[in-house]
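**Student:** Please read through the structure below; I'll follow up with questions.
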Amino acid sequence: MAALVDLRSDTVTRPTPDMRRAMAAAEVGDDDYGEDPTVRALEEAFAARVGKPAALFVPSGTMANQVALRVLAVPGTAVVAGARQHVVAYEYGAAARNAAIQFVTLDDGDGMLDADAVAAARRGADFHQPSVSLVSIENSHMAASGAPWSTDRLEAVVQAAGPVPIHLDGARLFNTEVATGVSAASWAAPATTVMCCLSKGLCAPVGSLLAGPTDVITQGRLERKRLGGGMRQAGVLAAPGLIALGQMVGRLGEDHARARRLAEAVAERWPTSGLDPTGVRTNIVTFTHTESDKVLAHLADHGVLAGTIAPDTVRLVTHHDVDDAGVEQALGALRGAPDSGIG
């Protein structure tokens, strides 16, 4: 019987043997007192990697985003973000509950924001609309088939934001680094804060990091505590994070190549699905299908797990635990999948 191929998310990756050994041997202390040496080492390594003075280890990417909102955004103001960004659509309305802000959502069909639209949102305060206290971007952009930003579009948004701080949701920023050849530090340079996940393509079992100026991260540490994220002997979780940063970034291109193969198969099977395979540059494939439940059931019958991120929107995600044989199995299942009825 063929092995199960899990393309639901890169969060299903399992820690590597090196990570398991590092967890067992990790030197630990009470991180809530700032005494865990392995956590400190991870925070320092990440801060250096993204070019920021300080960093904070948190249990999840959602918590990192929420901490950034609580520190940078002003209650009663607006945060400009793409309508399909994770912080808007996939955190169960946490921002309204945790930060007392409202979103001004912009079109992000290609994964990026339009600079003119950002500027227009900022002018809303002149017309009795909430002032904008933060601009949030996502790079790579999950819902847009993991699309990375372009440097010129980012520069234009930075100019449009003016003095308003920027938060970079870089859950998969290292995928962007590998796909574009532009360093994570360069992508993060215009942002006040940057978040990255260790538990997706980098294979660590738990954790994300938020980096930024020292005073911002000091306040973020307090907000982490308020959100229930104060950890104790967390070095056992930080140790695999150090391996993730040191060993797992360089292999992400393998995931990207496999995702492109899946995208080509999807576009061939469903030409009207709206998927352009050339736009799939990282490890995520999203496409429209009017009977997505039937697609998922068909794939599952052939030993392939997939998921949806919205009604009629299917997602396939490659990662460390999916090899070439797994992709071949998925390709065979896709070729026999049901019609979409689109067009």
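The values are calculated or read from the model by the stated rules, or taken from the named source; none is laboratory data. Small disclaimer: the values here were computed from a predicted structure and weren't measured. Here Cβ is always computed from backbone atoms with ideal geometry, including for glycine, and neighbour counts include all displayed protein chains. Areas reflect the complete protein model, heavy atoms only, side chains present, ligands, DNA and RNA absent. Shrake-Rupley method; radii C 1.70, N 1.55, O 1.52, S 1.80 Å.
**Student:** Quick check on region 26-51: of everything there that is buried (at least 24 other Cβ atoms within 10 Å of the Cβ) and farther than 18 Å from Arg224 by Cα, which residue is nearest to the chain's Cα centre (by Cα)?
**Tutor:** Val50
**Student:** Okay, next question. Name the single residue, out of those in region 110-121 being part of a helix (DSSP H, G or I) and of a type in the set (Gly, Ala, Ser), that is surrounded by the fewest Cβ atoms within 10 Å (Cβ to Cβ). Before the answer, list the steps.
**Tutor:** Filtering region 110-121 down to residues part of a helix (DSSP H, G or I) leaves 115-121.
Pick out the ones that are also of a type in the set (Gly, Ala, Ser) and you get 115, 117, 119-121.
On the way: Ala115: 18, Ala117: 17, Ala119: 16, Ala120: 14, Ala121: 25.
The selected residue is Ala120.
**Student:** Follow-up. Just to be sure, is Gly124 open to solvent by 20 Å² or more (accessible area, probe 1.4 Å) and over 15 Å from Ala171 (Cα atoms)? I'd like the intermediate steps shown before the answer.
**Tutor:** Numbers: open to solvent by 20 Å² or more (accessible area, probe 1.4 Å): no; over 15 Å from Ala171 (Cα atoms): yes.
Judged against the criteria, Gly124 is not a match.
**Student:** Okay, next question. So Leu299 passes all but one of these: (1) within 22 Å of the chain's Cα centre (by Cα); (2) crowded, with 21+ Cβ neighbours inside 10 Å; (3) more than 30 Å from Leu69 (Cα to Cα); (4) not charged (D, E, K, R). Which condition number does it fail?
**Tutor:** (1)
**Student:** Answer with yes or no whether Ile217 is among the aliphatic types (A, V, I, L, M), assigned to a helix (DSSP H, G or I), in contact with a Ser or Thr (Cβ under 9 Å, 6 or more places away or on another chain) and open to solvent by 10 Å² or more (accessible area, probe 1.4 Å).
**Tutor:** Here the answer is no, as Ile217 does not meet what is asked.
**Student:** Here's something else I'd like to know. Considering only region 30-84, state which residues are among the hydroxyl-bearing types (Ser, Thr, Tyr) and under 29 Å from Ala143 (Cα atoms).
**Tutor:** The initial filter retains those residues of region 30-84 that are among the hydroxyl-bearing types (Ser, Thr, Tyr), namely 33, 38, 60, 62, 77.
Scanning region 30-84 gives Ser60, Thr62, Thr77.
**Student:** Also, I was wondering about something else. Suppose we filter Arg232, Arg269, Arg315 for residues that are basic (Lys, Arg) and within 30 Å of Ala47 (Cβ to Cβ); which single one remains?
**Tutor:** Unique residue meeting the criteria: Arg232.
**Student:** Given (1) surrounded by 24 or more Cβ atoms within 10 Å (Cβ to Cβ); (2) out of contact with any Pro (no Cβ under 8 Å at 6 or more places or on another chain); (3) not hydrophobic (A, V, I, L, M, F, W, C), identify the lone condition not met by Pro240.
**Tutor:** (2)
**Student:** In region 127-150, which residue that is open to solvent by 70 Å² or more (accessible area, probe 1.4 Å) and part of a loop (DSSP other than H, G, I, E, B) is nearest to Glu177 (Cα to Cα)?
**Tutor:** Among residues in region 127-150 that are open to solvent by 70 Å² or more (accessible area, probe 1.4 Å) and part of a loop (DSSP other than H, G, I, E, B), the one nearest to Glu177 (Cα to Cα) is Gln129.
**Student:** Ok, one more. Among the residues of region 267-275, are any without any contact (Cβ under 8 Å) to a residue 12 or more places away in the chain and either part of a loop (DSSP other than H, G, I, E, B) or over 20 Å from Gly146 (Cβ atoms) (or both)?
**Tutor:** Yes: region 267-275 contains one or more residues that are without any contact (Cβ under 8 Å) to a residue 12 or more places away in the chain and either part of a loop (DSSP other than H, G, I, E, B) or over 20 Å from Gly146 (Cβ atoms) (or both).
**Student:** I need a count of the residues in region 92-142 that are touching a Lys or Arg at 6+ places or on another chain (Cβ under 8 Å) and of a type in the set (D, E, K, R).
**Tutor:** 1
**Student:** Confirm whether Thr308 is over 19 Å from Gly332 (Cβ atoms), surrounded by 16 or more Cβ atoms within 10 Å (Cβ to Cβ) and not acidic (Asp, Glu).
**Tutor:** yes
**Student:** For region 302-324, does any single residue satisfy the condition of being in contact (Cβ under 8 Å) with a residue 12 or more places away in the chain, assigned to a helix (DSSP H, G or I) and in contact with a Ser or Thr (Cβ under 7 Å, 6 or more places away or on another chain)?
**Tutor:** no
**Student:** Please go through region 151-190 and give me each residue that is open to solvent by 10 Å² or more (accessible area, probe 1.4 Å), within 17 Å of Ser208 (Cα to Cα) and in a loop (DSSP other than H, G, I, E, B), ordered by number.
**Tutor:** Across region 151-190, the qualifying residues are Ala171, Arg172.
**Student:** I'd like to know if region 153-160 contains one or more residues that are in contact with a Ser or Thr (Cβ under 8 Å, 6 or more places away or on another chain), modelled with pLDDT of 95 or more and on the phi < 0 side of the Ramachandran plot. Show your work before the answer.
**Tutor:** Just the residues of region 153-160 that are in contact with a Ser or Thr (Cβ under 8 Å, 6 or more places away or on another chain), to begin with: none.
No.
**Student:** Next up: Which ones in region 84-101 are in a loop (DSSP other than H, G, I, E, B), more than 14 Å from Leu134 (Cβ to Cβ) and either in contact (Cβ under 8 Å) with a residue 60 or more places away in the chain or open to solvent by 20 Å² or more (accessible area, probe 1.4 Å) (or both)?
**Tutor:** Arg84, Tyr90, Tyr92, Gly93
**Student:** Scan region 220-252 for residues that are outside any helix (DSSP H, G or I) and touching an Asp or Glu at 6+ places or on another chain (Cβ under 9 Å) and report the count.
**Tutor:** 7
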